[in-house]
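The values are calculated or read from the model by the stated rules, or taken from the named source; none is laboratory data. This is a predicted model, so every value here is computed, not measured. Every residue, glycine among them, receives a Cβ derived from its backbone with ideal geometry; neighbour counts consider all protein chains shown. For the accessible areas, the whole protein counts, side chains as well, though only heavy atoms, and no ligand, DNA or RNA atoms are used. Shrake-Rupley method; radii C 1.70, N 1.55, O 1.52, S 1.80 Å.
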Amino acid sequence: MSLIQLNFQGLRNLTPLDMRPSPRINIISGPNGSGKTSLLEGIHVLGMGRSFRTRQLKNAIQAELPHMTLYGRLAGEPEVSIGVRRLRAQRELELRLRGDKDVRLAELVEAMPLQLINPDAFRLLEGSPAGRREFFDWGVFHVKHDFLEAWKRTRRAVKHRNALLRRGRIDPQEMAAWEQELALWGEVVDRLRMEWFSEFLPVFEETLEVLLPLPGLKLGYARGWDKQRSLSEVLRDSRATDQQMGFTQQGPQRADLRIRLNKQPAVEVLSRGQQKLVVSALKLAQGRFLERTAQRHCIYLIDDLPAELDAQHQQRFCQLLEEMQCQAFITSVEPTALQRTWQPQTAVSMFHVKHDDQGLGQLRQDG
């Protein structure tokens, strides 16, 4: 699916926006601070229910306004409407999908698969395992339909076991019940993750070969506990030490992606530029894998691509985008920086953001 309309009101420094994007490539140019990244942020909130710039979504509401409203339409038969409204005085998001108000956030995420590539993308390598779990769980969620329920049950079991561990005195029967629940659903989560990883890995290796050949780079999946033992056995044997720590130290909630170059952690060996290319390969591979397994397309949000990659790697990156037939929103300070990057048959729309008389960012389409 691709976005065929965007309507934003009350988002940061943008004037009310009504945009008809290209189903393929959309270049948004403008000076720093004009609102280019805010436009990407709005799309991210629309599809993910959260911002990539702030943990407090009320901070994305334009000053002096009581709320922001984000609306989009996705191509399809029939078209799909999607909406998010956030009141400054209210923590909960108001969600709509196909006109229905009784919507879970997971349904929005499923309806509009998004991948973000921005200047902070390298943190996927150097950051905590939680970010990498989010990365691969996104992939599993979109191709394994029974994953979400297993993930929810696992998370609930971990939460209850941790609460019991923090008590002064543990009820053995209650602990055994939650450990049984965690072992059951944690093994399901792990199996689905491993299935996804084994299918995703060759797509990543193929994508990396185009962007940045690194023969010694290896991607591995670590499930979060001893691979020679069952989860139920690990939970039972670690109960005493877990009680001392106050949380469950092993399990699917500790899973990670191990990225190594010649057996060393890649983040300690690769340059910053190489790290960004490896992360770009990971995220592009997510879209390519989704197309091959589910016949669905990602929407890519790419913040300041010319600043992230040199001309040669820009060309390779854009070649992969074109091959995927996906929709992309790409920001750039210089409007002509990416004009010659695309094949003539690729539908490219150019937009420009500039400040109006009140200092707000106003979007217009070029040409």
The condition of being in a helix (DSSP H, G or I), surrounded by 15 or more Cβ atoms within 10 Å (Cβ to Cβ), over 27 Å from the mean Cα position of the chain (by Cα) and not hydroxyl-bearing (Ser, Thr, Tyr) holds, among LEU184, LEU192, only for LEU184
Residue hits (the stretch 195-214; out of contact with any helix residue (DSSP H, G or I) (no Cβ under 7 Å at 6 or more places or on another chain) and not in a helix (DSSP H, G or I)) are PRO213
The lone condition VAL210 fails out of (1) within 30 Å of LEU270 (Cα to Cα); (2) surrounded by 20 or more Cβ atoms within 10 Å (Cβ to Cβ); (3) out of contact with any strand residue (DSSP E or B) (no Cβ under 8 Å at 6 or more places or on another chain) is (2)
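Residue by residue, here is whether (1) farther than 26 Å from VAL269 by Cβ; (2) aromatic (Phe, Trp, Tyr); (3) open to solvent by less than 20 Å² (accessible area, probe 1.4 Å) holds:
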| position | (1), (2), (3) |
| --- | --- |
| PRO78 | yes, no, no |
| GLY83 | yes, no, yes |
| ARG86 | yes, no, yes |
| GLU126 | no, no, no |
Which listed residue is crowded, with 16+ Cβ neighbours inside 10 Å, in contact (Cβ under 8 Å) with a residue 60 or more places away in the chain and over 30 Å from ARG340 (Cα atoms), from MET112, MET68: MET68
For the stretch 269-292, the count of residues that are of a type in the set (Ser, Thr, Tyr) and in contact with a Phe, Trp or Tyr (Cβ under 9 Å, 6 or more places away or on another chain) equals 1
Please pick out the residue among ASP120, ASP137 that is part of a loop (DSSP other than H, G, I, E, B) and surrounded by 13 or more Cβ atoms within 10 Å (Cβ to Cβ). ASP120
For THR54, are the conditions met, namely being under 21 Å from ASP304 (Cβ atoms), touching a residue at least 60 places away in the same chain (Cβ under 8 Å) and β-branched (Val, Ile, Thr)? no
Looking at (1) closer than 30 Å to ARG364 by Cβ; (2) open to solvent by less than 50 Å² (accessible area, probe 1.4 Å); (3) touching a residue at least 60 places away in the same chain (Cβ under 8 Å), find the lone condition where GLU334 falls short. (2)
Within the stretch 323-367, which residues are among the aliphatic types (A, V, I, L, M) and in a strand (DSSP E or B)? ALA328, ILE330, VAL348, MET350, VAL353, LEU363
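Just to be sure I understand, how many residues within the stretch 71-81 are out of contact with any Lys or Arg (no Cβ under 7 Å at 6 or more places or on another chain) and touching a residue at least 12 places away in the same chain (Cβ under 8 Å)?
6
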Kindly indicate whether any position in the stretch 76-95 is in contact with a strand residue (DSSP E or B) (Cβ under 9 Å, 6 or more places away or on another chain), of a type in the set (Asp, Glu) and within 29 Å of VAL279 (Cα to Cα). no
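Give the residues of the stretch 167-181 that are surrounded by fewer than 17 Cβ atoms within 10 Å (Cβ to Cβ) and under 25 Å from LEU148 (Cβ atoms), sorted by residue number.
Scanning the stretch 167-181 gives ALA177, GLN180.
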How about the stretch 1-57: which of its residues are aromatic (Phe, Trp, Tyr) and either open to solvent by 30 Å² or more (accessible area, probe 1.4 Å) or over 22 Å from the mean Cα position of the chain (by Cα) (or both)? PHE52
